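For reference, the structure discussed in these notes is given below.
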Amino acid sequence: MTPTPHVHPPSPPGQHRRASFTALYAGMASIIMLFGAFTSAMVVRRGASKDWRGTPAPQLLWVNTAVLAASSVVAERARRHLRNNDRVHFNYWWSGATLLGAGFIAAQGLLWRRLVDAGVYLNSNPGSAFFYIGTVAHALHLFGVWLWMFYLWTKAVRLQLGPSRRTGVDVCTVFWHFLGVLWLYLMFLFIYWGNR
Amino acid sequence: MRTFLSRYLFSTDHKTIGIQYFVLSVLAGFVGLALSVVMRIHLSYPEAKIRLFEILWPNGAPGGVMTPELYLALLTMHGTIMAFFLLTTVPLGGFGNYFLPIQIGAHDMALPRLNMLSFWTTFLSFLVLLAAFFVEGGAPLSGWTAYPPLSAAGPIAGPGQGTGQTLWIVSIAIFCLASLFGSINFITTTLEMRVKGMSLFRMPLTVWAWFITALISLFAFAVLMAAGILLLLDREAGTSFFLPTGLLINDRALPNQGGTPLLWQHLFWFFGHPEVYIAVLPGMGIVSTILANFARKPVFGYKPMVWAMLAIAGLGFIVWGHHMFISGMNPYSSLAFSVLTLTIGVPSAIKTFNWLGTLWGGRIQLTTAMLFSLGFVSVFVTGGLTGIILGQPSLDIYFHDTYFVVGHFHMIMGVASVFAMFAATFYWFPRMFGRMLNEKLGRVHFYITFLGVYGIFIPMHFAGLAGNPRRYADFTQFEFLQDLTILHKFSSHCAFTTAAVQLLFLANLIYSYRRGPLAKDNPWNATTLEWLNKTPDAVHCGAYEYSVPGDTKDFRMQHEEAR
Ligand code: HEM
Ligand SMILES: [Cu+2]
């Protein structure tokens with residue numbers, strides 16, 4: 001297995017950054033399809049029988065939503081500081097976003113606990129089933145992005161990021177916003193549409 | 001050791017990964033082929049006592065006679081391995097990985113580590129699938145489409161419906177992930193890594209095909225993933241998405257309530273129809289390139305070829321209902337799905353005419369790669385015509401679940417894509433391994449395979465016309481099928497011959513890899529960049545500049561400037 005060697009010139013500037021964003025958008029498209037498929041399955045399943053029950057919305061749900069929204073805002077501020085080469089402030093804000101992100105994930109665990117204690121199980125009814133599927137799928141994606149956020153944080157505190165090395169932070173932040181919007185969509189679906 | 005691991009196993013180099021995909025899928029292909037031979041033996045000689053079967057499957061073939069359950073298990077594994085691990089994997093993961101970057105003048109894929117991850121997840125998925133053979137109860141019985149309730153009801157529905165079916169679903173879910181990673185990479189690479197001058201409409205049609213295929217898989221596999229998760233939960237967590245109320249299986253009532261098996265069919269075929277294009281589109285790209293090269297003519301109607309592929313990809317997402325004409329749909333939806341399905345005939349016909357147009361008046365060189373490409377066009381037409389028949393609800397009500405369908409999709413999806421793979425292998429082997437494949441062996445391989453596949457699949461169409469159902473383990477049990485025995489025997493013997501000839505191909509691969517004549521730099525006088533041993537600074541013309549009037553030679557490579 002020794003194919004003829006290939007000589008190649010260095011890649012043009014900006015290519016890596018553009019490619020990262022394109023990959024992000026492609027990934028977002030497939031996530032939209034995944035949740036789109038869950039949504040259509042849910043609509044069909046709800047229409048198929050009379051056993052649908054809406055999921056209750058404990059107070060905690062709104063707390064979680066607020067935490068997630070805050071983390072997005074904070075991450076956005078962080079990324080602006082980095083763009084302006086204000087690395088100290090970037091580090092503060094990015095640490096904050098990372099903490100808030102972890103807070104959301106922990107609070108989600110708590111939320112599921114609460115629901116289980118209240119007798120809402122995965123197999124209770126189609127409404128609860130889709131609620132768990134949707135929120136767990138969301139949380140898994142979010143956790144993945146959070147790990148990346150955390151990794152970027154370890155680079156940030158070692159001052160390895162800067163205005164010319166911010167693609168990771170930008171892509172990560174946009175991904176995070178996207179998952180925030182996805183969360184709002186899920187809330188609309190389960191809490192509003194589901195209880196109608 | 002370290003270098004061995006990083007160079008050959010955990011390599012991030014697209015060429016190595018391409019070869020890894022290729023080797024994995026060729027292996028998978030031979031497993032799938034062996035399974036089909038075993039199936040055909042059983043169909044032709046259902047009562048024969050075969051020692052080997054007994055050794056391989058002591059429970060499934062007591063005394064050497066196969067049980068119907070074992071037959072269905074083999075059928076499921078054959079279909080799954082072929083559809084996912086051969087047709088989805090070689091054309092895109094194998095050839096796409098190796099050639100897409102160098103055809104657009106990039107030094108690698110945009111995300112090399114993700115690329116490595118795609119391959120190893122695919123590999124894992126294959127292992128999980130094979131594991132189904134070895135667990136209690138064996139492989140699942142529910143076919144590559146895994147329709148519930150059978151696939152959702154669990155072990156009481158039959159051997160293989162326990163752990164085997166679970167492994168099947170897990171394997172497919174992992175495969176979805178791998179394909180999604182792969183698609184993201186292909187899309188990004190095509191959009192962002194092209195060398196200067198390589199505008200979209202200068203890309204070789206292979207690149208267009210890989211790009212469009214990646215778009216299709218990005219959307220389709222995400223949906224299959226969702227469906228797989230729901231099915232898994234129905235089996236393992238007591239939900240009821242697909243299981244209806246009051247289901248009685250083997251005298252036991254299932255506790256599930258309120259689900260609908262139709263939901264699975266919608267989700268599955270929303271993925272499933274695009275999947276057939278995932279299998280065949282890369283082949284279309286490869287064949288377009290090879291026909292042009294060995295006719296020494298530009299591709300006839302390059303732009304219509306691109307638009308036709310885009311149209312096929314788009315329409316492919318809105319025709320899934322043609323698999324469900326008899327599933328109890330509203331007849332008006334059947335009508336809509338039928339019209340849309342027949343519409344796909346238009347871009348498919350455009351492609352066919354353009355292939356013929358490319359050949360028209362060319363100086364045709366009948367290399368093995370060219371022969372297989374011509375074979376592709378032939379089987380694509382044969383399979384396409386029966387598609388138009390199946391696309392009409394009134395006819396499909398009769399043909400559905402008969403051997404007519406089996407004949408149809410083997411021709412258009414199975415054989416067509418496989419022919420494209422053979423063509424690509426003969427064409428690109430010199431670039432991949434530095435040596436030429438043996439053309440004489442290649443020709444023997446082609447002619448026998450070509451006649452062989454027609455011999456296998458044309459009789460199936462007639463069996464279908466006579467009402468022969470598919471997914472039956474033994475036709476001799478039915479009065480009305482008695483007369484068809486001879487047809488099935490003929491088909492089986494063609495299958496044995498064709499399968500044997502594939503060993504010739506394998507031998508050719510191994511022999512030529514070690515002993516084949518050394519390849520020149522650009523052995524086919526091709527125009528595309530993979531034949532150049534360096535990444536060019538810019539390209540100056542389209543991908544198919546053959547026989548340009550006024551040029552000194554009959555081809556102009558993409559990086560060469562007009563003189
Ligand atoms: C070009 C690539 C094509 C591929 C790879 C392909 C592949 C397939 C496959 C795998 C099936 C199997 C369904 C099953 O398991 O029951 C199938 C069925 C079908 N195909 Fe195609 N097909 C193609 C083109 C077409 C065209 C052009 C048409 C119509 C104009 C068509 C119409 C149908 C219909 C209606 C069925 C359903 C038959 C039934 O379930 O009874 N296909 N095709
Ligand atoms: Cu279809």
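The values are calculated or read from the model by the stated rules, or taken from the named source; none is laboratory data. Here the structure is a predicted model, which means the values were calculated and not measured. All Cβ positions, glycine included, derive from the backbone under ideal geometry; neighbour counts span all protein chains shown.
Assess whether B:Ala369 counts as being in contact (Cβ under 8 Å) with a residue 40 or more places away in the chain, in contact with a helix residue (DSSP H, G or I) (Cβ under 7 Å, 6 or more places away or on another chain), within 15 Å of ligand 1 (Cβ to nearest atom) and among the hydrophobic types (A, V, I, L, M, F, W, C). Judged against the criteria, B:Ala369 is not a match.
Working only within region A:49-64, note down all residues that are within 14 Å of chain B (Cβ to nearest Cβ) and surrounded by fewer than 16 Cβ atoms within 10 Å (Cβ to Cβ). First the steps, then the outcome.
Narrowing region A:49-64 to residues within 14 Å of chain B (Cβ to nearest Cβ): A:49-53.
Of everything in region A:49-64, those that are within 14 Å of chain B (Cβ to nearest Cβ) and surrounded by fewer than 16 Cβ atoms within 10 Å (Cβ to Cβ) turn out to be A:Lys50, A:Arg53.
Matching residues to (1) in contact (Cβ under 8 Å) with a residue 40 or more places away in the chain; (2) buried (at least 24 other Cβ atoms within 10 Å of the Cβ):
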| site | (1), (2) |
| --- | --- |
| B:Pro62 | no, no |
| B:Val65 | no, no |
| B:Tyr71 | yes, no |
| B:Leu75 | yes, no |
| B:Gly79 | yes, no |
| B:Phe99 | yes, yes |
| B:Leu114 | yes, no |
| B:Leu117 | yes, no |
| B:Ser125 | yes, no |
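Note on region B:460-484: residues that are touching a residue at least 40 places away in the same chain (Cβ under 8 Å), assigned to a helix (DSSP H, G or I) and closer than 14 Å to B:Glu47 by Cβ amount to 2.
With respect to B:Ala526, is the statement that it is part of a helix (DSSP H, G or I) and among the hydrophobic types (A, V, I, L, M, F, W, C) true? Quick ask: steps written out before the conclusion?
Working: part of a helix (DSSP H, G or I): no; among the hydrophobic types (A, V, I, L, M, F, W, C): yes.
No.
Among the residues of region B:189-210, those identified as crowded, with 20+ Cβ neighbours inside 10 Å and more than 11 Å from chain A (Cβ to nearest Cβ) are B:Met198, B:Met203, B:Pro204, B:Leu205, B:Thr206, B:Val207, B:Trp208, B:Ala209, B:Trp210. Taking into account only those residues within region B:243-263 that are within 9 Å of chain A (Cβ to nearest Cβ) and either part of a strand (DSSP E or B) or under 30 Å from the mean Cα position of the chain (by Cα) (or both), which is farthest from ligand 2 (Cβ to nearest atom)? The extreme case among them is B:Thr260.
Within region A:1-22, residues that are closer than 23 Å to B:Gly18 by Cβ sit with their Cβ atoms under 6 Å from residues that are modelled with pLDDT of 65 or more and assigned to a loop (DSSP other than H, G, I, E, B), at 6+ positions apart or across chains, in these pairs: A:Thr4/B:Asn533; A:His8/B:His107; A:His8/B:Thr535; A:Ala19/B:Ala110. Scanning region B:467-511 for residues that are more than 21 Å from B:Thr76 (Cα to Cα) and either within 16 Å of ligand 1 (Cβ to nearest atom) or within 14 Å of chain A (Cβ to nearest Cβ) (or both) turns up B:Gly467, B:Leu509, B:Ile510. Checked against the criteria, B:Thr260 counts as without any contact (Cβ under 8 Å) to a residue 60 or more places away in the chain and away from ligand 1 (no atom under 15 Å from the Cβ).
Considering region B:394-404, the residues that are in a helix (DSSP H, G or I) and buried (at least 20 other Cβ atoms within 10 Å of the Cβ) include one that is farthest from ligand 2 (Cβ to nearest atom), namely B:Tyr403. Among the residues of this structure, B:Lys534 counts as one that is free of Cβ contacts under 8 Å to residues at least 60 places away in the same chain and of a type in the set (Lys, Arg).
Output the number of residues of region B:319-337 satisfying the condition of being surrounded by fewer than 17 Cβ atoms within 10 Å (Cβ to Cβ), part of a helix (DSSP H, G or I), more than 14 Å from every other protein chain (Cβ to nearest Cβ) and within 16 Å of ligand 1 (Cβ to nearest atom). First the steps, then the outcome.
Within region B:319-337, the subset surrounded by fewer than 17 Cβ atoms within 10 Å (Cβ to Cβ) is B:326-328, B:330-333, B:335-336.
Those still in the list that are part of a helix (DSSP H, G or I) too: B:331-333, B:335-336.
This time we only want the ones that are more than 14 Å from every other protein chain (Cβ to nearest Cβ), so: B:331-332, B:335-336.
After this cut, where a residue has to be within 16 Å of ligand 1 (Cβ to nearest atom) as well, the list is B:331, B:335-336.
Total meeting the criteria: 3.
Here B:Ile290 meets the list (1) assigned to a helix (DSSP H, G or I); (2) within 14 Å of ligand 1 (Cβ to nearest atom) almost entirely, failing just condition (2).
Evaluating B:Val280 against the criteria (1) more than 14 Å from chain A (Cβ to nearest Cβ); (2) assigned to a helix (DSSP H, G or I); (3) more than 9 Å from ligand 1 (Cβ to nearest atom); (4) in contact (Cβ under 8 Å) with a residue 60 or more places away in the chain leaves one unmet condition, (3). B:Thr213 meets each of the listed conditions (1) under 27 Å from B:Ile169 (Cα atoms); (2) surrounded by fewer than 24 Cβ atoms within 10 Å (Cβ to Cβ) apart from (2). The set of residues in region A:37-60 being part of a helix (DSSP H, G or I) and either of a type in the set (S, T, N, Q) or under 16 Å from the mean Cα position of the chain (by Cα) (or both) consists of A:Thr39, A:Ser40, A:Gln59. You will find that of B:Tyr398, B:Tyr403, the residue that is in contact with a strand residue (DSSP E or B) (Cβ under 9 Å, 6 or more places away or on another chain), away from chain A (no Cβ under 14 Å) and within 16 Å of ligand 1 (Cβ to nearest atom) is B:Tyr403 and no other.
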